[in-house]
Amino acid sequence: MIKVAPSILSADYVNLQKDIEKVDKGGAEYLHIDIMDGSFVPALSYGPGWVKAIRPITDMVLDVHLMVDQPERYIDTFADAGADIIGVHAEATPHIHRALQMINNKNVGAEVVINPGTPVSFIEPVLHMVKQVLVMTVNPGFGGQKFLPETVEKIAQLNQIKQEKGLDFDIEIDGGVNSETVVAAYKAGATVAVAGSYVFNADDPVAKINSIKDATK
């Protein structure tokens, strides 16, 4: 069964604590927090203060996804704010090894992220350093997009490398995830599913979390 990571990008910011508590009690394991700088992706979101405010109200894994240029500038701040996992895009820095090293040095789970157009071979040299790999299943920056089926092949490639080299990392998917699209990704090797609008825009977010889990039993 896949782990579910609701993305607060689609939550109600005015009632954020209520939304977080709802998905926490509803069985979600992770809380996905998208940090966007208006440069690496077009949109802007929130900063480390949000992570610091969220940390005391939930025991869920805080999965912080840095969609920012030069993520090295922000790693220490988000680690100190309470992130459990920090994800950095391979495309956002020429020093991805150093960025992951910085995350590991803060005793936080390191995650490398790749966009739909980036091949798995681009990150193969650093896979031994990470706790998680995030495969973007849409182009990053906006919620509500449709799942790109061609990304499933990359999940399978990552899972094969993981098995052949005896590595231990989760494979996370993010973008267009619902109870239907998650099935192929799970069969290919995905272990964590980020879901934003599918969960938080629903009348019953907990039912949507359960539908993702039920589809991957």
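Of the residues that sit in the stretch 135-180 and are among the basic types (Lys, Arg) and surrounded by 17 or more Cβ atoms within 10 Å (Cβ to Cβ), which one is farthest from Ile35 (Cα to Cα)?
Step one: filter the stretch 135-180 for residues among the basic types (Lys, Arg), giving 146, 154, 162, 165.
So of that shortlist, the ones also surrounded by 17 or more Cβ atoms within 10 Å (Cβ to Cβ) come out as 154, 162.
Working: Lys154: 24, Lys162: 28 Å.
Checked the stretch 135-180; the qualifying residue farthest from Ile35 (Cα to Cα) is Lys162.
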- Message: Can you list residue pairs whose Cβ atoms sit under 9 Å apart, with the first residue in the stretch 6-17 being more than 18 Å from His65 (Cα to Cα) and the second being surrounded by fewer than 12 Cβ atoms within 10 Å (Cβ to Cβ)? Count only pairs 6 or more apart in sequence or on different chains.
- Response: Asp12/Lys18
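If you scan the stretch 1-25, which residues turn out to be touching a Ser or Thr at 6+ places or on another chain (Cβ under 8 Å) and under 14 Å from Ile54 (Cβ atoms)?
Of the residues in the stretch 1-25, the ones touching a Ser or Thr at 6+ places or on another chain (Cβ under 8 Å) are 1-3, 9-10, 20-21, 24.
The answer is Leu9, Ile20, Glu21, Asp24.
Please list, ordered by residue number, the helices (runs of 4 or more DSSP H) wholly in the stretch 124-217 having 3 or more residues that are in contact with a strand residue (DSSP E or B) (Cβ under 6 Å, 6 or more places away or on another chain) and either of a type in the set (Asp, Glu) or modelled with pLDDT of 95 or more (or both). Walk me through how you get there before you give the answer.
Details: elements: 152-165, 181-188, 197-200, 205-215.
Because the criterion is at least 3 residues that are in contact with a strand residue (DSSP E or B) (Cβ under 6 Å, 6 or more places away or on another chain) and either of a type in the set (Asp, Glu) or modelled with pLDDT of 95 or more (or both), the helices (runs of 4 or more DSSP H) in the stretch 124-217 that meet it are 152-165.
Which of the residues that make up the stretch 107-141 are hydrophobic (A, V, I, L, M, F, W, C) and under 14 Å from the mean Cα position of the chain (by Cα)?
Initially, the stretch 107-141 is screened for residues hydrophobic (A, V, I, L, M, F, W, C), giving 108, 110, 112-114, 120, 122-123, 126-127, 129-130, 133-136, 138.
Across the stretch 107-141, the qualifying residues are Ala110, Val112, Val113, Ile114, Val130, Val133, Leu134, Val135, Met136, Val138.
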- Message: Six or more apart or on different chains, Cβ atoms under 9 Å: show the pairs whose first residue is in the stretch 37-61 and within 15 Å of Phe78 (Cα to Cα) and basic (Lys, Arg) and whose second is surrounded by 18 or more Cβ atoms within 10 Å (Cβ to Cβ) and at pLDDT 95 or above.
- Response: Lys52/Ala81; Arg55/Leu62; Arg55/Ala81; Arg55/Ala83
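The values are calculated or read from the model by the stated rules, or taken from the named source; none is laboratory data. Remember, predicted model here, so these are calculated numbers, not experimental data. No Cβ is skipped: glycine too gets one built from the backbone with ideal geometry, and neighbour counts run over all protein chains shown.
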